[in-house]
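This structure is in structure tokens; I'll ask about it shortly.
The values are calculated or read from the model by the stated rules, or taken from the named source; none is laboratory data. What you see is a predicted model; the values in this text were computed from it and never measured. Backbone-built Cβ (ideal geometry, glycine too); neighbour counts: all protein chains shown.
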């Protein structure tokens, strides 16, 4: 059986990480599980007066990891003491993930499995065995579980979290609907991959945030990503300002009314789908679409496509090259551009999404005065659940 390696970045996680490690300790997986935890913080913390509380929190967490009450095969990594803490622009969650993985790679084989996990995430006792079985059954390089942020009971916090999940799930639903090879949600606690695929992709970079998106994009270009909708991780809905974007910052910004997480118009995804349909024609000659016109205006001019036509005269190879160029980042940039040039409210775009066939018989139409800012939490939760169900059906 493949050895399972958990990689967990931890900064001031004394309150949350013990629960995550307890979940690992309860796994029913019959093989070996090794856990690498990078306790980290910036060196600048030690120059502040008064010192930030996370200095004491990290010290207490380190002592607990050394005691290892979970009796795990545990490998804590010190990037928090004054001599080991991150220097300016050196650290971040991407660097902490990379630090864990660099430590485990020398002992891992290509067939072993890497599970990236956040320090505040819960999951069932069969999570590891379920993900390993799915990877073996599908032959995938990476398997993504379902995710489901826990409700906190705080109305403002839960509203912001549900608003963020609705944004992410609408995005995924439409990419699945049009058959995009970049239909995935980049969540740090929801990426499971073969060690060999991780090596082949180049691994995580040291970004302050977004490292999960870029890893999955590279894997989508050179391997196979699939889903396991019966395995679920339950991240925390807590606020955070430790990274520039991601779930924690999104919830904090949405709660303050500053977040920019638009529900994109379904028509924007239809334009991408039209570009996909025209690939055979595009392989023969220039035939602009809103997507390719946008790409041409932003650095991918006609010379790029001419070169692809010359280098990939066969349609299958050209199709792959097209998707390599029109990758997940380009699609996201196009969606933002389309939304800005076709103004519509988030409520209007959500309403259009929920009138599509998967939802028509599952839930009643939204009230005429529906607003994401004022809708009852149970209604937002119902929308979240229906989007989750629709995405699972398309996976």
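Would you confirm whether any residue within segment 153-168 is in contact with a strand residue (DSSP E or B) (Cβ under 6 Å, 6 or more places away or on another chain) and either farther than 14 Å from residue 7 by Cα or not in a loop (DSSP other than H, G, I, E, B) (or both)?
No, every residue in segment 153-168 fails to be in contact with a strand residue (DSSP E or B) (Cβ under 6 Å, 6 or more places away or on another chain) and either farther than 14 Å from residue 7 by Cα or not in a loop (DSSP other than H, G, I, E, B) (or both).
Has segment 154-165 got any residue that is closer than 17 Å to residue 375 by Cα, free of Cβ contacts under 8 Å to residues at least 40 places away in the same chain and either surrounded by fewer than 20 Cβ atoms within 10 Å (Cβ to Cβ) or not assigned by TED's automatic domain parsing to the domain that holds residue 20 (or both)?
yes
Here are some residues: 93, 35. Which one is within 26 Å of the chain's Cα centre (by Cα) and under 16 Å from residue 12 (Cβ atoms)?
93
Still on this structure, I have one more. Just one of the numbered conditions (1) under 21 Å from residue 218 (Cα atoms); (2) under 24 Å from the mean Cα position of the chain (by Cα); (3) not in a helix (DSSP H, G or I) is not true of residue 299; which one?
(2)
Given the residues 153, 210, which is the only one that is at pLDDT below 90 and under 15 Å from the mean Cα position of the chain (by Cα)?
210
Next question, about the same structure. Out of (1) in a loop (DSSP other than H, G, I, E, B); (2) over 30 Å from residue 376 (Cα atoms), what's the single condition that is false for residue 102?
So the condition that residue 102 fails would be (1).
Per-residue answers, yes or no, for (1) in a helix (DSSP H, G or I); (2) more than 24 Å from the chain's Cα centre (by Cα); (3) crowded, with 18+ Cβ neighbours inside 10 Å; (4) modelled with pLDDT of 95 or more:
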position: 7; (1), (2), (3), (4): no, no, yes, yes
position: 28; (1), (2), (3), (4): no, yes, no, yes
position: 58; (1), (2), (3), (4): yes, yes, yes, yes
position: 71; (1), (2), (3), (4): no, yes, no, yes
position: 78; (1), (2), (3), (4): no, yes, no, yes
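For residue 179, which of the numbered conditions (1) touching a residue at least 40 places away in the same chain (Cβ under 8 Å); (2) surrounded by 22 or more Cβ atoms within 10 Å (Cβ to Cβ); (3) within 26 Å of residue 326 (Cβ to Cβ) fails to hold?
The failed condition is (2).
Can you tell me which residue in segment 14-23 is surrounded by the fewest Cβ atoms within 10 Å (Cβ to Cβ), limited to those that are in contact with a helix residue (DSSP H, G or I) (Cβ under 8 Å, 6 or more places away or on another chain) and assigned to a helix (DSSP H, G or I)?
The qualifying residue surrounded by the fewest Cβ atoms within 10 Å (Cβ to Cβ) is 18.
Can we say residue 174 is in contact (Cβ under 8 Å) with a residue 40 or more places away in the chain, in contact with a strand residue (DSSP E or B) (Cβ under 9 Å, 6 or more places away or on another chain) and within 23 Å of residue 332 (Cβ to Cβ)?
no
Another question about this same structure. Which condition number in (1) more than 22 Å from residue 186 (Cα to Cα); (2) part of a helix (DSSP H, G or I); (3) touching a residue at least 60 places away in the same chain (Cβ under 8 Å) is the one that residue 95 fails?
Failing condition for residue 95: (1).
So, one more: Taking the stated definitions as given, is residue 332 without any contact (Cβ under 8 Å) to a residue 24 or more places away in the chain and part of a helix (DSSP H, G or I)?
Against the criterion (without any contact (Cβ under 8 Å) to a residue 24 or more places away in the chain and part of a helix (DSSP H, G or I)), residue 332 qualifies.
So, one more: Looking only at segment 124-140, decide whether some residue is touching a helix residue (DSSP H, G or I) at 6+ places or on another chain (Cβ under 6 Å) and touching a residue at least 24 places away in the same chain (Cβ under 8 Å).
No, there is no match, as no residue in segment 124-140 is touching a helix residue (DSSP H, G or I) at 6+ places or on another chain (Cβ under 6 Å) and touching a residue at least 24 places away in the same chain (Cβ under 8 Å).
For residue 142, state whether it is over 12 Å from the mean Cα position of the chain (by Cα) and farther than 29 Å from residue 345 by Cβ.
yes
Working only within segment 335-372, note down all residues that are in a loop (DSSP other than H, G, I, E, B), in contact with a helix residue (DSSP H, G or I) (Cβ under 8 Å, 6 or more places away or on another chain) and in contact (Cβ under 8 Å) with a residue 60 or more places away in the chain.
Selection gives 342, 356, 372.
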